[in-house]
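Read the structure below first, then the notes.
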Amino acid sequence: MEVKPEVEKKSKDWEPRILAFLCRWCSYAGADLTGSSRISYPPNVRILRVPCSGRVNPLFILKTLRGGMDGVLVSGCHPGDCHYTAGNYNARRKFAVLSRLLEYAGIDPRRVQFSWVSASEGDKFAKVVSEVVAGVKALGPNELFRLNASKQTAQGPQSHRQ
Amino acid sequence: MPENTEKELIAIVSRLFDEGRIHHFLGYGKGTVKFKTTPLIARNREDLQGLRVEDSCATNLALYLKEIKGPVGLLVKGCDSRSLVTLIKEGQVKREDLYVVGLPCPGQIDPAKVAQAVGFESEELEEITLRGSEVAVRVGGQEKALPKTLALLDKCLNCQYPKPLIFDCLLPGEYAAPIPQATLTDDELRKKPISEKWTFWAEQFNRCIRCYACRNVCPACFCPRCIVEENMPQWVSPLPTMGDNFVFHLMRLMHVAGTCTSCGECQRVCPMGIPLMKLNEKMTDDLRELFEFVAGVDPDKPFPFRTYRQEDADNFIK
C-alpha cells in the first residue's frame with residue numbers, strides 16, 4: 001500500500017470529509033430539497049441514507065472516526081415526527097450518552113454532531129452542514145489514530161500495526 | 001471475617017443440597033495466590049469443605065450464572081446483588097432458580113494496594129486483617145495499621161450498597177452503612193482540557209492487548225456471540241491497534257450502559273492496568289444525570305435505552 005506523506009493532509013487546500021447519516025424520511029428528503037431549491041452548501045459531506053436515526057448504532061460513529069473521516073453528522077426527524085413513532089427518541093438517548101463519552105475520551109464534540117432536519121427544511125440542512133464543516137475545519141484533519149500509529153512504529157515490535 | 005461465618009455458610013448450603021433446592025453453589029475457595037480467593041463451584045456437599053469466607057472475596061460471582069443454569073445458590077456482596085437484579089431484569093436468570101446468600105461486606109481488601117502502601121511485595125506480607133476502620137498488616141515481623149483508603153478496593157471506598165438488595169438469607173455479621181454520596185472522589189480528568197483527555201486515553205488504549213479479559217469477566221456482557229468476534233461484516237479489527245482498541249472500549253461501554261453496575265471487575269482483571277472504571281463511572285454518572293437511572297437497583301425501572309421521555313435532554317442536537 002502506498003504510504004501518503006503526513007504533510008499532504010496538513011496542506012492548505014485540505015478539505016474535511018464528513019460522513020452524514022441521514023434518516024430516510026426527513027433529513028434525506030431535506031437534503032434533497034436543499035439541492036432542488038438550488039441552495040448551495042459545502043461539498044464536504046458524504047451522505048449515507050439510513051432508515052431512521054434510530055438505526056444509527058453508536059458503533060457506526062466510532063467506526064467512522066476510526067476509519068479516518070474528519071467528522072460525523074447524524075440527522076433525523078424532529079422529536080414527534082418519527083415515521084416509526086419513537087426511533088428518534090430512542091436514538092436521542094443513545095447519542096446523549098455517546099456524545100458525553102466521546103467528549104470524556106478526548107474527542108472534540110465538533111467532530112460528532114447531531115441535528116434534526118425535516119423534509120421541508122432545505123435551508124436548515126445547508127446551514128447545519130456549513131456549521132459542521134466550519135467546526136471540523138477549525139479542528140483540522142482527524143489524526144487521532146494516525147499520530148499514534150507513527151508512535152507505535154517507533155517502538156519497534158508493534159510496527160506491523162497500522 | 002469471624003470464624004463462625006464459614007461454618008454457618010457451609011451449614012446453610014449443606015441443607016440446600018440435602019433438600020435438593022440447588023444443583024450448584026457458587027462461593028469462594030482458597031486462592032492460589034496469597035490473600036486472594038478463587039471462585040468455587042460446588043456440585044455436592046463434599047465440595048463445600050473448600051468454601052472460604054475471607055476479607056478479599058473480590059470476584060463478582062453473578063458472572064458464572066451465564067453458564068451455570070438450573071437451580072443454583074450463590075454468595076453475594078451488596079455490589080454483586082445489583083448484577084443479579086440486572087440479570088433477572090434482562091431475563092438471563094430466573095429469580096426462582098436462585099438461592100441468594102448475602103455476605104456481610106465491610107469492603108474487600110486489595111492485596112496489591114496494601115503491598116504498595118507498606119512498600120513490600122505482596123508475597124512478603126504475612127497477614128492482613130480488617131479491624132474496624134483500620135486494616136492491620138503484619139510484614140517483616142512488624143505490624144502496621146493502614147487506613148481503609150489505602151487497603152480496600154477502590155470501588156469499596158464509595159460503596160452505596162453494602163447490604164445485598166435481593167437475598168434469601170443473610171450470613172450473620174455487620175452490614176456497613178452506605179458511604180454518603182458527598183464523599184465521592186472527583187475524577188480530575190473530567191476537568192482537564194479535551195486535548196489532555198485524548199493524550200491520556202490514547203496512551204491507555206495504546207497499551208490494551210485485547211485479551212478481552214474485561215469482557216469475559218463482565219456479568220453484564222452476556223451476548224452469545226460478541227460483536228468483536230463478528231467477521232461478516234467485521235466491525236472491529238482483532239488487531240490491538242490503538243484505533244481499534246478505542247472502538248472496542250467505547251463500544252463495550254455503550255453495550256453495557258444501563259446494565260453496568262460499576263462492580264469494577266473489568267479494571268481488576270485488566271493485565272495492563274488500564275483504568276477502565278474511569279470510563280464506566282463517567283457513563284453511570286451520565287445515566288444518573290440524564291435519565292435518573294441507577295443500574296441494578298430498581299427491578300421495575302426499564303433500561304435507559306429501551307424507553308424515552310419526550311422531555312429528554314436535547315441541547316446537544318442542532
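The number of residues in segment B:196-212 being under 15 Å from B:L253 (Cα atoms) and in contact with a His (Cβ under 9 Å, 6 or more places away or on another chain) comes to 2. Only a single item in (1) facing chain A (nearest Cβ under 7 Å); (2) free of Cβ contacts under 8 Å to residues at least 24 places away in the same chain is not met by B:N315, and it is number (1).
Do you know which residues across segment B:114-129 are of a type in the set (G, A, S) and out of contact with any Asp or Glu (no Cβ under 8 Å at 6 or more places or on another chain)? Steps first, please.
Of segment B:114-129, the ones of a type in the set (G, A, S) are B:115, B:117, B:119, B:122.
Passing the criteria: B:A117, B:G119, B:S122.
Look at segment B:71-96: where a residue is free of Cβ contacts under 8 Å to residues at least 40 places away in the same chain and a partner is of a type in the set (A, V, I, L, M, F, W, C), sitting 6+ places away or on another chain with Cβ atoms under 8 Å, you get B:V93/B:L65; B:V93/B:L84; B:V93/B:L87; B:K94/B:I88.
Just checking, does segment B:289-297 include any residue being at pLDDT 90 or above, within 12 Å of another protein chain (Cβ to nearest Cβ), over 29 Å from B:I209 (Cβ atoms) and surrounded by fewer than 17 Cβ atoms within 10 Å (Cβ to Cβ)? Show your work before the answer.
The first filter runs over segment B:289-297 and keeps only residues at pLDDT 90 or above, leaving B:289-297.
With within 12 Å of another protein chain (Cβ to nearest Cβ) added as a condition, the list becomes B:289-291, B:293.
With over 29 Å from B:I209 (Cβ atoms) added as a condition, the list becomes B:289-291, B:293.
With surrounded by fewer than 17 Cβ atoms within 10 Å (Cβ to Cβ) added as a condition, the list becomes B:289-290.
Scanning segment B:289-297 turns up at least one residue that is at pLDDT 90 or above, within 12 Å of another protein chain (Cβ to nearest Cβ), over 29 Å from B:I209 (Cβ atoms) and surrounded by fewer than 17 Cβ atoms within 10 Å (Cβ to Cβ).
Taking segment B:105-179 as the region of interest, the strands (runs of 3 or more DSSP E) fully inside it that hold 3 or more residues being more than 25 Å from B:L87 (Cβ to Cβ), in contact (Cβ under 8 Å) with a residue 40 or more places away in the chain and not assigned by TED's automatic domain parsing to the domain that holds B:K77 are B:125-131. Quickly run through segment B:215-256 and pick out the residues that are away from every other protein chain (no Cβ under 12 Å) and over 29 Å from B:A58 (Cβ atoms). Hits for segment B:215-256 are B:N231, B:M232.
Where helices (runs of 4 or more DSSP H) fall entirely within segment B:186-285, those with at least 1 residues that are in contact with a Pro (Cβ under 6 Å, 6 or more places away or on another chain) and surrounded by 15 or more Cβ atoms within 10 Å (Cβ to Cβ) are at B:242-256.
The values are calculated or read from the model by the stated rules, or taken from the named source; none is laboratory data. The shown structure was predicted, so the numbers you read here are calculated from the model rather than taken from an experiment. Note: ideal-geometry Cβ built from the backbone for every residue, glycine included; neighbour counts use all protein chains shown.
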